[in-house]
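*Asks:* Starting off with a structure, shown below.
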Amino acid sequence: MRGIFEVFAPVGRAGVVMARSVAYAPYVLFRRRGLSGLFDQLYATGIRSLPVLTVVSLFTGMILSLQVGLELAKFNQEIYLGAAVMVSLVRDVAAFSCGICLAACVGSAIAAEIGTMKVNDEIDALLVMDVPPMRFLASPRVLALAIMSPLLAFYCCIVGLVGGGLVGATQLNVDFGQFSASAMSVVVTKDLVVGLAKAGVFGLLIGSISVSEGLGAELGATGVGKATQRAVIASFLSILVFGYMITRVCYR
């Protein structure tokens, strides 16, 4: 019984954090103090993550293009390289790449930051001052990740497509214009909507899990380190599980 509780307790805590963060969304979005905190988190989530996301998405597109192109070349079907890369990026790869990077870069930072505040009794100080930690700490971070994740996933898709086109033009004898035309010919609204929605769900999960694990950190530097580790692992697993579930529901 104790083992079952230890497994599902973090899930419940993350669910509570998510629900309360969404409940405080009107305060964050329509109050000046709330907006100030939200903009800080949007900058930390989006702008600071761009260098890592650019490198990851560029080489992801290059690897996709190279692997798919080598197989298509066996059947003299290189003209469909852009379509294959585009479908992969829009439906899944861009959202997954973005989610993994945000979990590693942003989620870990959130868990460490809030965990340090917890062990230094700063969370208790907020309660003494009658400032809800969920409103002041959790909601801006969770909302920032949920808002920025679809935008960053779209950016990853564009950069990945550029990387794939470069590999096609330099190594597979596929003209960049032909690559782009093939890619654009297969884009449908459903794929784009599902891909961006998937990224938004990933952002919501990463933010909720990271804040939850930070708030659950035990005393000491070791406790903060373990909380950060749990946040990253749980975020990775959630991205994989929910990514599969969303794809299964939308494309069956």
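The values are calculated or read from the model by the stated rules, or taken from the named source; none is laboratory data. This one's a predicted model, so the numbers in the text were calculated from it and none came from an experiment. Because the Cβ atoms are built from the backbone with ideal geometry, glycine has one as well, and the counts that use them run over all protein chains shown. Just the protein is used for accessible areas: all its heavy atoms, side chains included, with ligands, DNA and RNA removed. Shrake-Rupley method; radii C 1.70, N 1.55, O 1.52, S 1.80 Å.
*Asks:* Hey, could you check the range 164-175 for residues that are within 15 Å of residue 64 (Cα to Cα) and touching a residue at least 40 places away in the same chain (Cβ under 8 Å) and say which is surrounded by the most Cβ atoms within 10 Å (Cβ to Cβ)? Walk me through how you get there before you give the answer.
*Replies:* We begin by selecting, within the range 164-175, every residue within 15 Å of residue 64 (Cα to Cα); these are 164-172, 174.
Restricting the remaining residues to those that are touching a residue at least 40 places away in the same chain (Cβ under 8 Å) gives 164-168, 171-172, 174.
Details: 164: 33, 165: 25, 166: 16, 167: 23, 168: 28, 171: 13, 172: 18, 174: 24.
The qualifying residue surrounded by the most Cβ atoms within 10 Å (Cβ to Cβ) is 164.
*Asks:* Continuing with the same structure: Identify the single condition in (1) crowded, with 16+ Cβ neighbours inside 10 Å; (2) under 30 Å from residue 119 (Cα atoms); (3) out of contact with any Gly (no Cβ under 9 Å at 6 or more places or on another chain); (4) aliphatic (A, V, I, L, M) that residue 196 does not satisfy, given that it satisfies every other one.
*Replies:* Single failed check for residue 196: (2).
*Asks:* Separate question: Just one of 34, 15 is small (Gly, Ala, Ser), in contact (Cβ under 8 Å) with a residue 60 or more places away in the chain, in contact with a Phe, Trp or Tyr (Cβ under 6 Å, 6 or more places away or on another chain) and open to solvent by less than 40 Å² (accessible area, probe 1.4 Å); which is it? Spell out the reasoning first.
*Replies:* Numbers: 15 fails: in contact with a Phe, Trp or Tyr (Cβ under 6 Å, 6 or more places away or on another chain).
Checking each option against the conditions leaves just 34.
*Asks:* Quick check on my filter: what residues within the range 231-251 are surrounded by 16 or more Cβ atoms within 10 Å (Cβ to Cβ) and under 19 Å from residue 109 (Cβ atoms)?
*Replies:* If the condition is that a residue be surrounded by 16 or more Cβ atoms within 10 Å (Cβ to Cβ) and under 19 Å from residue 109 (Cβ atoms), then 231, 232, 234, 235, 236, 238, 239 are the ones that fit.
*Asks:* Could you figure out which of (1) of a type outside the set (Asp, Glu); (2) closer than 20 Å to residue 137 by Cβ; (3) out of contact with any Ser or Thr (no Cβ under 7 Å at 6 or more places or on another chain) isn't true of residue 197?
*Replies:* If we test residue 197 against (1) of a type outside the set (Asp, Glu); (2) closer than 20 Å to residue 137 by Cβ; (3) out of contact with any Ser or Thr (no Cβ under 7 Å at 6 or more places or on another chain), just (2) comes out false.
*Asks:* Then there's this: What about residue 83, is it under 20 Å from the mean Cα position of the chain (by Cα) and small (Gly, Ala, Ser)?
*Replies:* Working: under 20 Å from the mean Cα position of the chain (by Cα): no; small (Gly, Ala, Ser): yes.
Judged against the criteria, residue 83 is not a match.
*Asks:* Residue by residue through the range 75-98, note down the ones that are of a type outside the set (Gly, Ala, Ser), free of Cβ contacts under 8 Å to residues at least 24 places away in the same chain and buried (at least 18 other Cβ atoms within 10 Å of the Cβ).
*Replies:* Quick first cut of the range 75-98, residues of a type outside the set (Gly, Ala, Ser) only: 75-81, 85-87, 89-93, 96, 98.
Cutting the leftovers down to free of Cβ contacts under 8 Å to residues at least 24 places away in the same chain gives us 75-77.
The answer is none; no residue qualifies.
Conditions (1) touching a Gly at 6+ places or on another chain (Cβ under 8 Å); (2) at pLDDT below 90, marked per residue:
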residue: 6; (1), (2): no, yes
residue: 23; (1), (2): no, no
residue: 34; (1), (2): no, yes
residue: 39; (1), (2): no, no
residue: 46; (1), (2): no, yes
residue: 55; (1), (2): no, no
residue: 88; (1), (2): no, no
residue: 110; (1), (2): yes, no
residue: 114; (1), (2): yes, no
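*Asks:* Can you tell me which residue within the range 203-230, out of those that are charged (D, E, K, R) and in contact (Cβ under 8 Å) with a residue 40 or more places away in the chain, is surrounded by the fewest Cβ atoms within 10 Å (Cβ to Cβ)? Step through it out loud before you land on a result.
*Replies:* Start the filter on the range 203-230 by keeping residues that are charged (D, E, K, R), which leaves 213, 218, 226, 230.
Still in the list and also in contact (Cβ under 8 Å) with a residue 40 or more places away in the chain: 213, 218, 230.
Details: 213: 31, 218: 12, 230: 19.
Among those residues, the one meeting the criterion is 218.
*Asks:* Hey, another quick one. Can you name every residue in the range 176-193 that is surrounded by 14 or more Cβ atoms within 10 Å (Cβ to Cβ) and either over 14 Å from residue 92 (Cα atoms) or in contact with an Asp or Glu (Cβ under 6 Å, 6 or more places away or on another chain) (or both)?
*Replies:* If the condition is that a residue be surrounded by 14 or more Cβ atoms within 10 Å (Cβ to Cβ) and either over 14 Å from residue 92 (Cα atoms) or in contact with an Asp or Glu (Cβ under 6 Å, 6 or more places away or on another chain) (or both), then 176, 178, 179, 180, 182, 183, 186 are the ones that fit.
*Asks:* Something else now. Within the range 58-80, does at least one residue satisfy the condition of being at pLDDT 90 or above and under 14 Å from the mean Cα position of the chain (by Cα)?
*Replies:* Taking every residue of the range 58-80 in turn, none turns out to be at pLDDT 90 or above and under 14 Å from the mean Cα position of the chain (by Cα).
*Asks:* Could I ask something else about it? Give all pairs with beta carbons closer than 7 Å in which a residue from the range 113-141 that is β-branched (Val, Ile, Thr) meets a residue that is open to solvent by less than 60 Å² (accessible area, probe 1.4 Å) and not in a helix (DSSP H, G or I); count only pairs at least 6 apart in sequence or on separate chains.
*Replies:* Short answer, once both residue conditions are applied: 119/217; 119/220.
*Asks:* Let me ask you something else. Restricted to the range 100-116, and to residues that are open to solvent by less than 30 Å² (accessible area, probe 1.4 Å) and of a type outside the set (Gly, Ala, Ser), which residue is farthest from residue 199 (Cα to Cα)?
*Replies:* Residue satisfying both the conditions and the ranking: 114.
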